[in-house]
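Shown next, in structure tokens, is the structure this report addresses.
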Amino acid sequence: MRSASLGLGLGLALLAAGIPGVRADVPPHTMAPRPSPRATPVPAAATDARPLIVQAVAAPKHVSFVGQMSTIRSGTSQALAVISKIEHRAPDDTRRTYLAPRALYGQFVISRGAMSWDVDPSRKRVVVTENKAAVDPVAVVDDIALLDSNYRAVRTASDDVADRHADVIDLVSRYTGERAMRLWIDRDTHIVLAKEAYHSDGSLAWRTRFDDIRYTDDIPAEVFNGSVPPGYETVQGRSYGSPTSVATSVPDAGFAPVTPKYLPEGFSLAGSDVSSVKGTRNLHLIYSDGIRTLSLFENATDRAIDFSGMQTRTTSFEGHDARYVRDGPTTLLAWRERKLAFALVGDLDLKELIQIASSVVP
């Protein structure tokens, strides 16, 4: 999911301290998120909501609006909180302007399809990114077929969000029967008014919610102008390739890419990116089941990951020494073998990450 916004959530925030080229742009802000109970079985009265998901996916192509959105990501001891103004003009122009915290105030991101322009007036810089898995704050899912194969959509309740009547939809794993995400879908327009995603242990991972929203087609075209202002530096951001195959999507990695032979049920390759930091080629593979993401980073250097400021532990598997870090339910596992450095990060327990790592280079 995008919220991903965003691409990888707590995983990228955790990796920002140690993986070249990855940084956390949102500073921590002390704000307690609303508690989320551990996922429970869906009530028998729940109804099939797949048609509502299909309508929600299509809605931004036809409905324009302006609203204010709050986003909270849960950490071990703090939460990351952001307030932004969202302007969306159908079919695919969206602008997110940051209002809080103060460190982000005035920055904005314009997205059009898979492209985004991240404008930072204080640095006079524009980062141009091609990454359909992270840039669009109004999208529901990236791959509805993948979502449908791994999750059931069930309508469980009604609620009000931003003075709008909404249907509450739970996305329930077909493998575990537990809820992974909850959506609040506007009953009239089918725009998603709020989303909550949950870790595998049932705790809240992140939440987005419109505090207010106004449907209108009267949004000036210049709001979505993606041209670089005079005097601004243009920086090429990440550009995730086609997920059709690793061989075709990352031909310039500089080394032979290595992929896991084992993945948790429902996961498949969703995107790939090669970046260069200080002359070192870094490969990033993203796997997804439609909601959850798993990242594998690898490069052909002897440089160890910088774990400064993080409490690491050691482990071993198949004769390899490894280090790992936990941030709530998110785990980062790093190791070396065959002259390659690897790092796995995801909302999985250590035992399962080790099983994936053991299959990377048998």
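Take residue 98 and tell me if it is over 16 Å from residue 69 (Cα atoms) and of a type in the set (Ser, Thr, Tyr). Can you show your working first?
On the way: over 16 Å from residue 69 (Cα atoms): no; of a type in the set (Ser, Thr, Tyr): yes.
So residue 98 fails the test.
How about the stretch 276-290: which of its residues are within 17 Å of residue 344 (Cα to Cα) and under 19 Å from the mean Cα position of the chain (by Cα)?
The answer is 283, 284, 285, 286, 287, 288, 289.
How many residues are modelled with pLDDT under 80 and not in a strand (DSSP E or B) when one looks only at the stretch 274-289?
2
Taking residue 271 as the residue in question, decide whether it is assigned to a loop (DSSP other than H, G, I, E, B) and not assigned by TED's automatic domain parsing to the domain that holds residue 182. Steps first, please.
Values: assigned to a loop (DSSP other than H, G, I, E, B): no; not assigned by TED's automatic domain parsing to the domain that holds residue 182: yes.
The answer is no for residue 271.
Residues 347, 321, 289, 327: which one is outside the structural domain of residue 182 (by TED's automatic domain parsing) and touching a His at 6+ places or on another chain (Cβ under 9 Å)?
Checking each option against the conditions leaves just 347.
Take the residues in the stretch 169-225 that are surrounded by 15 or more Cβ atoms within 10 Å (Cβ to Cβ) and of a type in the set (S, T, N, Q); name whichever of them is modelled with the lowest pLDDT.
The selected residue is 200.
Being touching a residue at least 40 places away in the same chain (Cβ under 8 Å) and either within 21 Å of residue 227 (Cβ to Cβ) or in contact with a His (Cβ under 9 Å, 6 or more places away or on another chain) (or both) is the filter here, so list the residues in the stretch 73-85 that pass it.
74, 78, 79, 80, 81, 82
For the stretch 295-306, does any single residue satisfy the condition of being out of contact with any strand residue (DSSP E or B) (no Cβ under 9 Å at 6 or more places or on another chain) and more than 26 Å from residue 256 (Cβ to Cβ)?
no
Test residue 111 against the stated conditions and say whether it is in a strand (DSSP E or B), within 21 Å of residue 213 (Cα to Cα) and at pLDDT below 95.
Yes.
Taking residue 142 as the residue in question, decide whether it is of a type outside the set (A, V, I, L, M), in the same structural domain as residue 95 (by TED's automatic domain parsing) and more than 30 Å from residue 352 (Cβ to Cβ).
Taking the combined requirement at face value, the residue does not satisfy it.
Being at pLDDT 80 or above, exposed (fewer than 14 other Cβ atoms within 10 Å of the Cβ), of a type in the set (Ser, Thr, Tyr) and part of a loop (DSSP other than H, G, I, E, B) is the filter here; which residues of the stretch 232-268 pass it?
262
Could you list, in sequence order, all residues of the stretch 282-325 that are touching a residue at least 60 places away in the same chain (Cβ under 8 Å), surrounded by fewer than 18 Cβ atoms within 10 Å (Cβ to Cβ) and among the charged types (D, E, K, R)?
306
Just checking, which of 156, 176, 129 is of a type outside the set (A, V, I, L, M, F, W, C) and under 27 Å from residue 228 (Cβ atoms)?
129
Between 149, 200, 227, which is among the hydroxyl-bearing types (Ser, Thr, Tyr), part of a loop (DSSP other than H, G, I, E, B) and within 21 Å of the chain's Cα centre (by Cα)?
200
The values are calculated or read from the model by the stated rules, or taken from the named source; none is laboratory data. All values derive from a computational prediction rather than experimental measurement. When we count neighbours, we look across all protein chains shown, and the Cβ atoms used for this are built from the backbone with ideal geometry, even at glycine.
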